[in-house]
Amino acid sequence: MKIEKIGVLGCGLMGSGIAQVAAAAGFETVIREVSDDLLDRGLERINRSLERAVEKGKLDETQREGTLARLTGTVDLAALHDCDLVIEAIVENPDEKRKTFVALDQEVQEKALFASNTSSLTITQLAVATTRPDRFVGLHFFNPVPAMKLVEVVRTLLTSDEAFAAAFDVCRRLGKQPVACKDNSGFIVNRLLVPYLLDAVRGLEEGIGSVEDIDLAMRLGTGYPMGPFTLLDMVGLDTTVFIADIMFEEYREKRFAPPPLLKQMVQAGRLGRKSGRGFYEY
């Protein structure tokens, strides 16, 4: 599978980051959003990101212009027809993703590889909605995409060797470090990270330490770049609860169940940085 043109579904935080990285790596890139307003906002996010990279000396002006020249925005799903790889990065809702892939399957050339950037859903449930489950993988990028090196490459029982190898190769061409993952909810990182974050909240509920002291202890004691509560606020408490609920539904283990304090904070509108207050005030 020779991949030269990449399509990205969704121009939000993750989709715009994936499209930026693809275009910067030399791929002709098409990014599709459902409305002109959302598309314009996403493209402006990419432009600002590239401008910051130039200011920091990570890119020169010629590279910035080349990246933008290889990037096309559209609201037309049919514009992805001749893409060799399409990466979905829309809302984390299985019904919406399946519906999108059914429509995409009818528009994109038969030989193309499909991928989902989902962080918590299993890939198989999305792949079987298409006529190409053998050419369907998970490509889970991390936020912020231009800075984070890791991509979890997820193989299902139906993914062909050729498709999996092509996905791995694309990640390397994007300048990322791919790791192979089994198709389970949460893959590697969230499978280990989410229980850790939830356990930190349970520890707070049980009084093992304050928010500040737990964060400080984990930073200095383990060398983590940030403590669990700082990370929770950055990810979003509502996002964490949503992902945890999906994983609990999959595994039915207490360690994946959102603790009462976390759910109450979401109900109270304390979502973290995005709302100005979570475990900390911003």
Q: Check Ile3, Ile87 and return the single one that is out of contact with any Lys or Arg (no Cβ under 9 Å at 6 or more places or on another chain) and touching a residue at least 40 places away in the same chain (Cβ under 8 Å).
A: Ile87
Q) Does segment 183-194 contain any residue that is surrounded by fewer than 20 Cβ atoms within 10 Å (Cβ to Cβ), closer than 30 Å to Glu281 by Cα and in contact with an Asp or Glu (Cβ under 8 Å, 6 or more places away or on another chain)? A) yes
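Condition check ((1) in contact (Cβ under 8 Å) with a residue 24 or more places away in the chain; (2) in contact with a strand residue (DSSP E or B) (Cβ under 9 Å, 6 or more places away or on another chain); (3) over 18 Å from Phe142 (Cα atoms)) across all residues:
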{"position": "Leu216", "(1), (2), (3)": "no, no, yes"}
{"position": "Met226", "(1), (2), (3)": "no, no, no"}
{"position": "Val235", "(1), (2), (3)": "yes, yes, no"}
{"position": "Thr240", "(1), (2), (3)": "yes, yes, no"}
{"position": "Asp245", "(1), (2), (3)": "no, no, yes"}
Q.
Of the conditions (1) under 28 Å from Gln125 (Cβ atoms); (2) assigned to a helix (DSSP H, G or I), Pro258 satisfies every one except a single condition; which number is it?
A. (2)
Q. Pick from Phe242, Phe248: which is touching a Phe, Trp or Tyr at 6+ places or on another chain (Cβ under 9 Å) and outside the structural domain of Val91 (by TED's automatic domain parsing)?
A. Phe248
Q.
Condition check: crowded, with 21+ Cβ neighbours inside 10 Å, in contact with a Pro (Cβ under 8 Å, 6 or more places away or on another chain) and at pLDDT 95 or above. Does Asp233 satisfy that?
A. no
Q) Going by the conditions given, is Asp215 at pLDDT 95 or above and surrounded by 21 or more Cβ atoms within 10 Å (Cβ to Cβ)? A) yes
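The values are calculated or read from the model by the stated rules, or taken from the named source; none is laboratory data. Quick caveat: nothing in here was measured; it's all calculated off a predicted structure. All Cβ positions, even for glycine, are placed from backbone atoms using ideal geometry, and neighbour counts span all protein chains on display.
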